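The block underneath contains the structure these notes are about, expressed in structure tokens.
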Amino acid sequence: ATTFNGSIPQALMLFNGELTKKAISGERGGFIDRIVAKGSRDRGVSELFLTGLARRPTRSEIRAAETLLRYRGGNQKEMLQDMWWAILNSNEFIMQH
Amino acid sequence: MNWQTPAGMTRRHFINHMAGSAAAAGAAMTLGNSIYAHADQMKRNRKSAIMLWMGGGPATIDIWDLKPGAPTGGPFQPISTTGDMQICEHMPMMAQQMQHVSIVRSMSTREADHTRGRYYMHTGYVPNPNIEHPSYGSVIAHEVISQRPELEIPPFVSVGGASAGPGFLGMAWAPFSVTSNGRVRNLDMKLDDVRLQQRMAALGMIENSFANRTRDLPAAEHAKVLKKTFDLMTSAQMEAFRVEKEPEAVKERYGTNNFGQGCLLARRLVQAGVPFVEVDLGGWDNHSGIHATLRDNKLPQLDRAMSALIEDLAQRELLQDTVVMWMGEFGRTPTINQNAGRDHFARAWSCVVGGGDLKGGLAVGETSSDGQAVETEPFSSEDLMTTVCKGLGIATEKTFTSKNGRPMKIAGGGKVISELVA
């Protein structure tokens, strides 16, 4: 694991920068879009966690995804974008790479 | 296309793009107990510092300590000022502000290389492969921040340059860089606040879960940076960066160029309570054709912006709480070279400092009639830093203690320039 030596500008880059925008984009043929197309029973949440963190989501993480889905008015793609954004910005993701 | 990773990148590639380079090379420091000389005073400390950084090493012999008539004097003539000294004729606006600031003409340092000089003038220490020293900005921000719990924007801002890093104080004290028009890169998520909050909540949950599982200190530090970042994105104090909102007349008084607008931004940030702002102006490394460059380009810009800043701070009654410093890496040779320029020279040169609790209008120290040597007590970067800290009401007896038990003084053990303090 690497130590996190980040600063606000680096956090801003991870939050709002081009690479993140591209990674979470819902464009056709993109990562998120293809998960939606697969139509899995847990709405693709497991796939996000397996891909990003090499593990399955915990129960509270699954519940959080369901809550997010409600907030997004049932829009699965938007929920996945929000969850993927959170995973990519998490200490767990950063520490593992 | 690799299914396992975002957009076809490997995860490491992705994160290497974003994580940037680790900063501190030296041992992590733990803070020893601090001893404040005047605890009550510190509680009320609303002081700030603005550093005007002249990248390249300006020829102070042509600006603040002229030698008219000497073979090394160059073509410029001195003019009277509202202070006790004369300065260059091409700084007429600053001549009206010199009662507010003083010139230290007896700077004598040893680093005549840009990188080393820059490091030394920013930290008070010479470069050392074993340790990364914190810059003045990081130290000052670190020292006063506990008195400003309401500050939601970064305490150390660098305008138009990168300044110097926080070294062993850690990334929380790194300078926050903006361009002179106050634009912060990647500030906007372009989502409504509600959705941003919801993303933060999901992120917080994943973070907590990981922190609980691993009890990882860096993970806890990460959470702090995330909170500061979120606060920054949503804080009303970010208005301070909106320099474009100033009236046209004010913008013109400072000068409609990067440095002028940068100085105006510095005033706004200081008003908002930011403890340390550095504003950069480069282009001073004049190895050839120096006098035309100074006369036609550098000095008019400097004169307008610096005088506007000091005048503005004085009129708003902010100057007694704001130390202003002007310096570069070093000065330039009294001898003019065959390209009509001056080269690097650290043995005798000038800095300018004033505001806060420091006295203005004085010329401290003297150089020889040709400018080649300091004839009075020489002063160093750490002396200047100690004096600036005194002007800010910061105790410099404080030390940080490294993990191996080695104490390091915050101002590098410099002495106060006594003429500048009451």
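Data for the structure
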| quantity | calculated |
| --- | --- |
| Placed amide H near B:Phe156: partners under 5 Å, 5+ positions off or other chain | B:Phe176 |
| Overall form of the stretch B:164-214 per C-alpha gyration tensor (a/c, 1.5; a/b vs b/c) | oblate |
| Sequence-distant residues sharing a close amide H with B:Phe345 (under 5 Å, placed H) | B:Gly331, B:Arg332, B:Thr333 |
| Solvent accessible area, Å² - A:Leu50, 1.4 Å probe, full protein context | 80 |
| Within the stretch B:123-183, GluC sites (Glu not before Pro) in DSSP loop having at most 11 other beta-carbon neighbours inside 10 Å | B:Glu150 |
| Estimated FRET transfer efficiency (B:Ser235, B:Arg295; beta-carbon r; R0 41 Å; 0.05) | 0.45 |
| Residue-count net charge about B:Gly182 - beta-carbon cut-off 9 Å; Lys, Arg +1, Asp, Glu -1 | +2 |
| Principal axis dimensions, the stretch B:204-288 - Cα atoms, whole angstrom, descending | 59, 38, 19 |
| Top of B:Val364, B:Val324, B:Val194 by mean-square fluctuation, Gaussian network on chain B, Cα under 10 Å | B:Val194 |
| Rg/Rh for the protein assembly as shown, where both radii come from Cα atoms and Rh is the Kirkwood radius | 1.04 |
| Residue among B:Leu313, B:Cys351, B:Met325 farthest towards the positive dipole end of the stretch B:308-359, charges placed on Cβ | B:Cys351 |
| Distance between modelled label sites at B:Asn337 and B:Gln320, nm, 7 Å Cα→Cβ extension | 4.7 |
| Isotropically averaged projected area of the stretch A:1-66, using the convex hull of Cα atoms (one quarter of hull area), nm² | 5.9 |
| Threshold 40 Å² - residues in the stretch A:70-97 whose accessible area is reduced by that much or more when the chain is no longer isolated, probe 1.4 Å | A:Arg72, A:Asp82, A:Trp85, A:Ala86, A:Asn91, A:Glu92, A:Phe93, A:Met95, A:His97 |
| Carbon/sulfur fraction of accessible area - chain B, other protein chains in place, 1.4 Å, % | 49 |
| Shape category assigned to the stretch B:285-422 from the gyration tensor of Cα positions, a/c cut at 1.5 | oblate |
| FRET efficiency estimate (nearest 0.05) - Cβ-Cβ, B:Glu366 to B:Asn130, R0 41 angstrom | 0.65 |
| Approximate spin-label separation A:Leu50-B:Gln99, in nm, with each point projected 7 Å along Cα-to-Cβ | 7.7 |
| Hull volume in cubic angstrom per residue (convex hull over the Cα atoms of chain B) | 174 |
| For the stretch B:264-347, radius of gyration divided by Kirkwood radius, i.e. Rg to Rh on alpha-carbons | 1.08 |
| Per-residue HN-Hα couplings for the stretch B:115-124 [Karplus 6.51, -1.76, 1.60; θ = phi - 60°; Hz; x = Gly/Pro] | 5, 5, x, 4, 4, 4, 6, 8, 10, x |
| Cβ-Cβ FRET estimate between B:Ala249 and B:Ser80, R0 fixed at 30 Å, reported to 0.05 | 0.60 |
| Kirkwood Rh in Å, taken over the stretch B:42-185 so that all alpha-carbon pairs contribute | 17.8 |
| Accessible area expressed per residue, the stretch A:1-94, with surrounding protein chains retained (probe 1.4 Å, Å²) | 45 |
| Spin-label pair A:Arg28/B:Leu191, simplified geometry with 7 Å Cα→Cβ offset, distance in nm | 2.5 |
| Protein accessible surface hidden between B and A, which excludes ligands and nucleic acids, total in Å², probe 1.4 Å | 4700 |
| Rounded to the nearest 10 Å², the accessible area of B:Ser369 at probe 1.4 Å | 100 |
| Distance violations [Cα-Cα > 25 Å] among B:Lys47/B:Lys228; A:Lys77/B:Lys224; B:Lys251/B:Lys298; A:Lys22/B:Lys190; B:Lys251/B:Lys359; B:Lys67/B:Lys390 | A:Lys77/B:Lys224; B:Lys251/B:Lys359; B:Lys67/B:Lys390 |
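The values are calculated or read from the model by the stated rules, or taken from the named source; none is laboratory data. The structure presented is a predicted model; accordingly, all values stated were derived computationally and were not measured. Every residue, glycine as well, gets a Cβ built from its backbone with ideal geometry; the counts of neighbours run over all protein chains shown. These accessible areas exclude ligands, DNA and RNA; they are computed on the full protein's heavy atoms, side chains included. Shrake-Rupley method; radii C 1.70, N 1.55, O 1.52, S 1.80 Å.
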